Amino acid sequence: MKRRRLFKKGDTQKFLLFFIRLFSDNPLPLQETTHMFDIREDDLSGEQTRALLALHLDRMHAFSPPGHALDFSGLATPEVTVWTAWHQGHIAGIGALKMLSSDTGEVKSMRTHPDFLRKGVGTAILETIIATAKKRDLRRLSLETGSGAAFDPALSLYHRHGFETGDAFGSYTCNDFTRCLHLDLR
């Protein structure tokens, strides 16, 4: 008899929440337990936001060829919406949605603060971006990221949310480093 997995490998948070709900006399709804973060639209003016973006750019420059990350000015344009995740007054992560056309968006500048790694920050931000893209009636979300050990956690997150490897888009070109992923929203 073939065994069927209830949880995908790496779904530790969902596994733990399942058992908390199973054995609790007064379980919280799953929706309330999975997001311990306050997700806010961000104007990039806050000190913690700017510090996390500086860290993001520093890490991108360390692990990527030039031109693989938007700086402050690139994120502060009308076609880009930025969100930050907060927990008890501390920034936990950042991510953005850049409108490429009326039906296509790009996920940009995803970064989790080192103090919040493996706690669901990326999931919370990415789910916010996907939900917003659907509300805006986008047909597709795309993203460009790197390859190698530094990018494996991000690639895993994107694949868990249905993104598939695909062709280059916009001004990106495929090479040994660049990975382009797409999520069909229809």
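The values are calculated or read from the model by the stated rules, or taken from the named source; none is laboratory data. As the structure is a computational prediction, the values presented were derived from the model and not from experiment. Methodologically, a virtual Cβ is constructed for each residue, glycine included, from the backbone with ideal geometry; neighbour enumeration extends over all protein chains shown. Areas reflect the complete protein model, heavy atoms only, side chains present, ligands, DNA and RNA absent. Shrake-Rupley method; radii C 1.70, N 1.55, O 1.52, S 1.80 Å.
Values as computed for the structure displayed
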{"read-out": "Residues with amide H under 5 Å from that of Ala76, placed H, sequence gap 5 or more", "value": "none"}
{"read-out": "Region 65-144 - accessible surface per residue (Å², probe 1.4 Å)", "value": "44 Å²"}
{"read-out": "Hypothetical label at Asp103: residues of region 155-186 whose amide nitrogen lies under 12 Å (7 Å Cα-Cβ projection)", "value": "185-186"}
{"read-out": "Total formal charge among the other residues, if their Cβ is under 14 angstrom from that of Asp42, Lys/Arg +1 and Asp/Glu -1", "value": "0"}
{"read-out": "Two-decimal Rg/Rh across region 60-132, once Rg and the Kirkwood Rh are taken from alpha-carbon atoms", "value": "0.98"}
{"read-out": "Length added when fully stretched, Gln88-Arg40, from 0.36 nm per residue minus Cα-Cα", "value": "15.9 nm"}
{"read-out": "Order of exposure, largest accessible area first, which applies to Glu41, Glu47 with probe 1.4 Å", "value": "Glu47, Glu41"}
{"read-out": "Probe 1.4 Å - accessible area at His87, Å² to nearest ten", "value": "40 Å²"}
{"read-out": "Using alpha carbons only: equivalent-ellipsoid semi-axes of region 99-184, gyration tensor based, whole Å", "value": "20, 18, 10"}
{"read-out": "Unit charges at the beta carbon, dipole of region 91-186: most positive-side option, Thr165, Gly148, Phe116", "value": "Phe116"}
{"read-out": "Förster-model FRET efficiency, 22 Å R0, Arg50 and Thr178, C-beta, rounded to 0.05", "value": "0.25"}
{"read-out": "Region 71-127 and region 144-167: distance between their alpha carbon centers, rounded to Å", "value": "15 Å"}
{"read-out": "Amide hydrogen neighbours beyond the local backbone of Leu185, cut-off 5 Å, H modeled", "value": "Arg140, Leu141"}
